[in-house]
Structures are given as C-alpha cells and as structure tokens.
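Student: Pasting a structure below so you can have a look.
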Amino acid sequence: MRFLSNKHSAPTIKLMLALLFGITGLTIASCGQKTEDSAKSADTTPNAAAPATGEEEKILNIYNWSDYLAEDTIPNFEKETGIKVRYDIFDSNEILHAKMIAKNTGYDIVVPSSNWGKMQIDGGLIQKLDKSKLPNWKNLDPTVLAQLAQLDPGNEHLVDWLWSYTTVGINVDKVKTALGDMPMPENTWDLVFDPKYTSKLKSCGISMLDAPSEVFPIALRYVHKPEFSLVEADYKAAFDMLMKVRPDIKRFNSGGQIEDLASGNICVALGWAGDFNLARKRSIENKSEQNIEALVTKMGGYMFMDTMAIPTDAKHPNNAHKFINYVLDAKVHAGLTNAVTYANPNKAATEFVNPEIRNNKTIFLSDEDVKNLIPPGNVDNATRRIETRLYTQFKTGT
Amino acid sequence: MTKLARFSQSLTSGKLIVIGVPMAWFLLLVAIPLLIIMKISLSEMEATSVSKMISWTNGLPTLKLNFSNYQFIFSDALYVKTYISSIKYALITTLICLGIGYPFAYFMARAPKHIQPTLLMLIMLPFWTSFLLRIYAWKTLLVSNGVINNLLMSLHVINAPLDMMNNSFSLTIGMVYSYLPFMILPLYANLSKLDLRYLEAAADLGTSPFKAFWLITVPLSKAGIIAGSMLVFIPAVGEYVIPELLGGPSTLMIGRVLWDEFFSNNDWPMAAAVAVVMIALILVPMAILNRAEAKLEEA
C-alpha cells in the first residue's frame, strides 16, 4: 500500500497501524477459534485412520444449536464412558450446511434440522447409522419416526434430538393493551399477517425470524398456496401479502427473540415455540413482569425436527453411536426437555418430564394439533434463491 | 552489462531477498486467493459442490467458463442498489471520521511533546477490548430501554424512548466509532511533521490564523487525509459485523448479500462473483487516490 509509505509518516505510526490491524484481525479470528481448535486436534489425531471395529481414541466432537442442552448431559456422558467431549455451537442451519459442504468439519455429531439433513444425505455427507449399536432406539415414538421417514426413508441417517414448530408468541398483557377493544383474531396468524392487527401491534413491537426457508411455508399456506411450491408466482403472492405488514415490523432476527421477548422489547413474534416457552421460563425466573405465551394456531405452524447425524468423514463414529444411544436413554432425553422446553421424540422419557412441561399443550401438542402442522419439507436451489431474494426485498421494504 | 549479469549481481547484493519476502507474501496471501475466488466465480454450483472448470473427455481437456453470475449481478437491481448503499455508508463514515479525526489529530500534534505518546496510547486503548464486545456495548446504550433512553426519560427530556437502534443512525455511529483511530493515526503522523515556520511566516505577512490553516496546514496534510480516508473507506465498504449487530433491515450492505449468497442460497460461485465485483469497486477509487498521491510526492 503505497499511501502508507509516504515520506511524511513516522515509523512508529506505521508500527502502531500494523498493531491496530493486527489486533482487529485477531479479535475477528478469535470468533472462529474455538471451532478451529477442535477441528484441528481431531485432524491430527494418530488414530484418525483406525478401522471402525478397533478401539477409537476417547474423543467426541459435537456441533449443536445454542441454548439446547441440559447442564448435566455432557458431564454424565463423559463420566459414564470416559470419552472426552468437545461441544461447539451454531445458530443457523445455513452455517452448519456451509461447513458440511466444505467437508472435514472435524465433528462426529452434527444436528441439522431434518430438511437440511435431507440435503446433506443426498449430497453423501452423512453416513448410515448402525442400529445394532443403538439399543435405546426402541424408546423412540413411532409417530415421530414416521414423520421423519418422509425425508429419511427407513430412518437410516437421522435421529431426532428435540422438535418444535414455528408459531406466534405474544406478550399477553402488552398485546391486550395494544389491541384495545379488538378481540383476538379467529386465525392467530392474522396477528402477524393482517394489517388490521399489525397496525395496532406495531406500537409494542413485532419481530419475525430472519430465515426465509421457515417463514415462506407458513406465508404460502396463509395465502392458500402449496407450502413447498416450486412456482415463482406463488412466492410473489406470499410476498405481496407480507409487504402489506412490512411497515409494522420492527425487527428481523432468529437468535435474539428470547431476549427481546423476555425484556419486553417486542410483544409479538413469529418464531420458534420452544424459544417462546424458554422466554416465558426466563422471565419467570428473572421475576420480570412480562407474561410470555406461545400460541397454537388452527392453521398450523411449521414443524421442525433437529436431528443428530454422523458426517461421512467423522473420525469417531463409534463414539458418536455411543452418544446417540446415551441421548435416547429415557432420563437423558427427559432432562433435555426439562432444561430447554422443547419436545422430545422419546416415548419412554415422558414419565421423567416435569409435569408442568409435560402438560403444556404448546410443547407437547395434541394429536390434532400435530396433524395441523406443516411437516418438514424442502425446495430446490432455484426456488431457495427466489425465497432469499424476496425475503431480502421484504426486509428492506422496497 | 547484460541483464543476466545485472540480475546475478542483484542476487548477491541481497536485493532479491529483501524484495522477495514481501512479494512471496503478496503472491501467497493476496494474489493466489484472489485468483481462486475468481475461478470459483466462473463455475457453477452443483448440489453440494462447486463444478469443475476443466473436464477431461477422451484425454482432452474442455474448459467450461460460466459468466452467468456476473450477468445476473447486473440484471438484478438488488445488487447494484446494495453496492451503492455500501459505498454511501462507507463515504458517510469516511467524511464524519475526517471531520472528527482532523481536529483530534491536529490538537494531538500540537500538544506538548512529552504527553503525545500518552495521547497516542489513549487512541489505541479501546483496541484492548474485543471488537465484538465494543460493538455490543453500543447496543446496550442505544436500545429503547437502554442507558441513554432511560437517562433522558428520567430527566424528563423526552416522554417516549427515541428510536436509535437498528437503523442508519446506529449503523453510522458504530462505523465511525470503530474506524476513527484509522483516520487519526495517519493524520497525526502527517501533522506532527508540519514545519511551524510556514505558519509563522504567514502570520508575519499578515495572514489570519484561520486563513493560514486553510492555505497552508490543510494542503500540506493532503497525504495524511488521503491515507486516512483510504484506511477507513476500504474496510468500511465490505463491513459485515457492524451492520449485522447495529444496522437494521433498511441498511442493507453488500456483506449481508454475500452472506445470503453463500449461506442461504448455498451458491458459492455467485458469492464469489459478488465479492469480485466488490473488490473491483474498491480498486477504482483506490487507484485514483493513489495516483493523486503519487503526483503529490513528485511535486
């Protein structure tokens, strides 16, 4: 860079500038540090090429969603098996998917949502499970297995970690105040999709997921189009509907809704039911006065299952199987649900789930409500581009 | 002397090593990665991999170049609009940084010599905290139930919280805050070398201090202004972290579009094409300014 080397500048300044850049570079690099470390150490292990039948070194690298674990899940597994776990987190399927495509993630267990898992199976990035190593498989609920089999025929690759659905969450008191004498709508989705309601709720804050692939299936159903349509005109119709409420939406984000609801920054959200219950739990724990509730809609939300899978190039597939089997243990799986208020697919676990969670009809839905949900599905790359493009335009509001 | 002889002489004099190290650095960490990105931008995305550019049929290589990504960028108004908005925010940031940074650097350069190192250190001090943390701290200041709003409301200056977060205001504050030191340091380096006798002469000849500043100090510090502006403008165009944390849906910048191409659309070639165009957009003003500076040095 020539402009740095002009004769006016003193050498000390150049050094300081170099330092400045160096430090900024370092801080940014350190965001990805944790992940790289574990990936690196997994790569350089001497037993990396050990045959699957032989004894693996006692290491397991897991990549899972943030806020998705009970405190004792990992320590108990380490105690039980002597396997040391490295646990890294992500907050979007997109990030996980990009890592999977780049290969050599260094992880032995990843937890994509089932529709992304399907893409990864099709791309040969996920290996088949050896069910003989999973004696606890029998605990799984056949109805959930059947749902999952629509994407993963024969349930050969994916095991559900926890599941939930996309719906509307509200701050009950604030919404009541904002709506005034207006009653709650017949179709709950009107709260976020009908200008009649959004124009009133604007005053206390509406938030939507920053994830086109999760909002469009619902928006499409709302305008009476197929949820996983491959027709561009259908997406245009959903987009036109969304644009009418755009001026009333305050925020687009996925990871921050728990915090925003619990602190009263927003009063209505299109987001994950599990997160709304978690926000409720947190605001009760923090004694904040926000009364958060997840709503179950008659029209139905978008069901998602976050599934455990073993990457094709995993270095410790045996340990990964041990971990999956451990999670499928009734008490462990119930522990997860108790901690993060997401439903588990484990029939045997139900009796160990805290009664207030077990009886919460927004976490463990009734059979009829499950039937109303949009099951996980997928679209092709070209359609995904249309979704992203329209959603970007929706967000900018132009 | 033949060229070869001259070359071997330069080898012995160690010139090659002196030039070779930075050249190797440049090749390895700038030129080659850039070429790889350009190569990816000319390929196509298959389900979970990037298509191969050269395929072998019957022992003969076939080269397949795909320019559709570049066509697409200029056919969809989204990209052009976002490039323009990125450059707009980078320009605003640069101008504000210059406006704040110049007097800052000026007084630092005029401060007593023994406290100047301390002042420099104070400019550097914020960098001891993580960049992410500092940006996040702005969030707690600016949100509707944040420090500033709560203070103003308790003092009854305002009745309803000001909307300062997730819009162009918060974005600009974050950008100016983060890039200000990069403006101040080159300006300070330049201004501290200013020969004060020019100003004395001007005063002796009856020029007012204000006029002398514009006629002497500013023109002589042109090199510092150019260097500082480049250091701020170039990284600001491609900034991703600050718009993500402090910007809102209406402040779309090219970094986010790149993210969407790469992660949401899962289209690496398109993401690479967007990046290549961005680099080209930055290179043009840089070349112009660099030439201006070269002229300045000749003069």
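Student: Mind jotting down the three principal axis lengths of region A:326-385 based on Cα atoms? Whole angstrom, largest first.
Tutor: 44, 29, 17
Student: Using Cβ contacts closer than 10 Å as the measure, can you line up A:E186, B:E239 from fewest to most?
Tutor: Numbers: A:E186 8, B:E239 23.
Going from least to most buried by this count: A:E186, B:E239.
Student: Is there a simple number for the mean count of other chain Cβ atoms within 10 Å of the Cβ of residues in A:392-398, and what is it? List each step's numbers first, then the result.
Tutor: Working: counts 8, 3, 1, 5, 9, 2, 5.
If you average over the peptide's residues, the count of other-chain Cβ atoms is 5.
Student: For A:95-101, what's the mean count of beta carbons from other chains sitting within 10 Å of each residue's beta carbon? Show your work: numbers first, answer last.
Tutor: Details: counts 3, 1, 4, 7, 0, 1, 7.
Mean inter-chain Cβ contacts per residue within 10 Å come to 3.
Student: Hey, another quick one. Remind me, what semi-axes does region B:73-298 give for its equivalent ellipsoid, largest first in whole Å, using sqrt of 5 times each Cα gyration tensor eigenvalue? Let's see the in-between values first.
Tutor: Working: eigenvalues 252, 139, 46 Å².
Taking √(5λ) for each Cα gyration eigenvalue gives 36, 26, 15 Å.
Student: If you only keep lysine pairs separated by 8 or more in sequence, or across chains, how many in chain B come under 30 Å at the Cα atoms?
Tutor: The number of close lysine pairs in chain B is 20.
Student: To continue, here is another question. Within 10 Å of each residue's Cβ, count the other Cβ atoms and sort A:I59, B:I279 from fewest upward. Can you show the working numbers first?
Tutor: Values: A:I59 18, B:I279 13.
Ascending Cβ contact count within 10 Å gives the list B:I279, A:I59.
Student: Here is a further query. When only Cα pairs under 8 Å and 6 or more residues apart are kept, what is the percent relative contact order across chain A? Could the numbers behind the result be given before it?
Tutor: Values: 653 pairs, mean separation 96.9, N = 398.
Contact order relative to length: 24 percent.
Student: Nearest 20 debye, what's the magnitude of the dipole of region B:73-298 about its Cα centre given +1 on Lys and Arg Cβ and -1 on Asp and Glu Cβ?
Tutor: On the way: 13 positive and 13 negative charges, 109 e Å.
With Lys and Arg at +1 and Asp and Glu at -1, about 520 debye.
Student: Mind scanning A:K133/A:K315; A:K138/A:K322; A:K58/A:K331; A:K103/A:K281 and naming the pairs with a C-alpha gap bigger than 26 Å? Could the numbers behind the result be given before it?
Tutor: Details: A:K133/A:K315 17 Å; A:K138/A:K322 15 Å; A:K58/A:K331 24 Å; A:K103/A:K281 38 Å.
From the list (A:K133/A:K315; A:K138/A:K322; A:K58/A:K331; A:K103/A:K281), the Cα-Cα distance tops 26 Å for A:K103/A:K281.
Student: Same structure, new question: Return, ordered by residue number, the residues of region A:150-182 whose backbone nitrogen is under 19 Å from a label point located 7 Å along Cα→Cβ of A:K128.
Tutor: Residues passing the 19 Å test: A:150-160.
Student: Output the peptides A:384-392, A:114-122, B:31-39 sorted from most to least packed, where packing is the average of other Cβ atoms within 10 Å over each peptide's residues. Each step should come with its number before you reach the end.
Tutor: Working: A:384-392: 20.6, A:114-122: 22.6, B:31-39: 12.6.
Packing order, densest peptide first, comes out as A:114-122, A:384-392, B:31-39.
Student: Top mean-square fluctuation among B:T62, B:T93, B:T140, Gaussian network model of chain B, C-alpha springs under 10 Å?
Tutor: B:T62
Student: Using all C-alpha to C-alpha distances in the protein assembly as shown, build P(r) with 20 Å bins and read off the rounded percent in each one.
Tutor: That works out to 15, 43, 32, 10, 1, in percent per bin.
Student: Here's something else I'd like to know. Along its principal axes, what span do the Cα atoms of chain A show, with the longest given first and each in whole Å?
Tutor: 75, 69, 48
Student: Based on the Kirkwood radius over alpha-carbon pairs, what is the Stokes-Einstein translational diffusion coefficient of region A:244-286 at 37 °C with 0.692 mPa s viscosity, in µm²/s? Numbers along the way, then the final one.
Tutor: On the way: Rh = 10.9 Å.
In µm²/s, the coefficient rounds to 302.
Student: In a solvent-free Debye calculation with one equal scatterer on each Cα, what is log10 I(q)/I(0) for region A:195-283 at q = 0.12 Å⁻¹, listed in the order of the q values?
Tutor: After summing over all Cα pairs, the log10 values are -0.39.
Readers should treat all values here as calculations from the given coordinates under stated rules, not as data from a laboratory. Computed from a predicted model, the values in this text were never measured in an experiment. As a convention, Cβ positions derive from the backbone with ideal geometry for all residues, glycine included, and neighbour counts pool all protein chains shown.
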